[in-house]
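Let me give you the structure first, and then I'll get to my questions.
Just so it is clear, none of the values below were taken in a lab; they were calculated from the coordinates. The structure displayed is predicted, hence computed values, not measured ones. Glycine gets a Cβ as well: all are built from the backbone with ideal geometry, and neighbour counts include every protein chain shown.
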Amino acid sequence: MKSIQKEPSMRVLKWFFLVVDFSFILYFSATAIGIIPIEYAYSDYTNPILVSWNWSFLPLDIVISLTGLSSIYLHRKGRAEWKSIALLSLVLTFCSGLMAISFWAIRLEFDAVWWIPNLVLLLYPLFFIPKFMKVG
């Protein structure tokens with residue numbers, strides 16, 4: 001099996017996984033210790049309902065991080081199951097982005113600070129998922 005470094009599309013996928021997976025971990029760590037400046041926080045940042053909504057993403061986003069990082073590890077070890085783990089990570093990432101964008105759209109709140117990262121989560125998997133869906 002070729003290494004991730006020798007496959008251009010896998011090199012890009014690895015980069016996305018690393019950036020997204022560590023960003024989720026950093027975001028929830030920063031949120032937990034309260035170091036996100038209020039001017040960068042989502043609207044109604046102190047509203048208990050929105051705080052709960054935000055934390056409701058933790059299990060999903062941590063599973064995304066674990067599956068993305070695991071797929072990189074499995075690929076390096078030459079294990080075939082890296083593909084199914086990577087696909088799972090991509091599908092869950094799409095879902096996380098879709099849920100967040102849907103929420104902000106329903107509220108009619110269009111803040112680029114929150115829309116851009118969530119649009120990335122929603123859209124980038126769509127470039128990779130078809131490659132994993134091909135039979136053969």
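Which residue, of 126, 88, 69, is hydrophobic (A, V, I, L, M, F, W, C) and over 16 Å from residue 24 (Cβ atoms)?
Criteria check complete, one pass: 126.
Hey, another quick one. Say we look at segment 23-56 and pick out the residues that are aromatic (Phe, Trp, Tyr) and more than 18 Å from residue 88 (Cβ to Cβ); which of these is surrounded by the most Cβ atoms within 10 Å (Cβ to Cβ)?
Selected residue: 42.
Regarding residue 53, is this residue of a type in the set (Phe, Trp, Tyr) and over 14 Å from the mean Cα position of the chain (by Cα)?
Against the criterion (of a type in the set (Phe, Trp, Tyr) and over 14 Å from the mean Cα position of the chain (by Cα)), residue 53 qualifies.
Now, a different point. Run residue 61 past the list (1) among the acidic types (Asp, Glu); (2) closer than 18 Å to residue 96 by Cβ; (3) more than 18 Å from the chain's Cα centre (by Cα) and report the number of the one that doesn't hold.
For residue 61, the failing item is (3).
Residue 110 is checked against (1) in contact (Cβ under 8 Å) with a residue 12 or more places away in the chain; (2) of a type outside the set (D, E, K, R); (3) over 16 Å from residue 20 (Cβ atoms) and fails just one. What number does that condition carry?
With respect to (1) in contact (Cβ under 8 Å) with a residue 12 or more places away in the chain; (2) of a type outside the set (D, E, K, R); (3) over 16 Å from residue 20 (Cβ atoms), residue 110 is out only on (1).
Note down all Cβ pairs under 8 Å where the first residue falls in segment 83-103 and is closer than 14 Å to residue 63 by Cα, the second is outside any helix (DSSP H, G or I) and not acidic (Asp, Glu), and they're at least six residues apart or on different chains.
Close Cβ pairs satisfying both conditions: 96/57.
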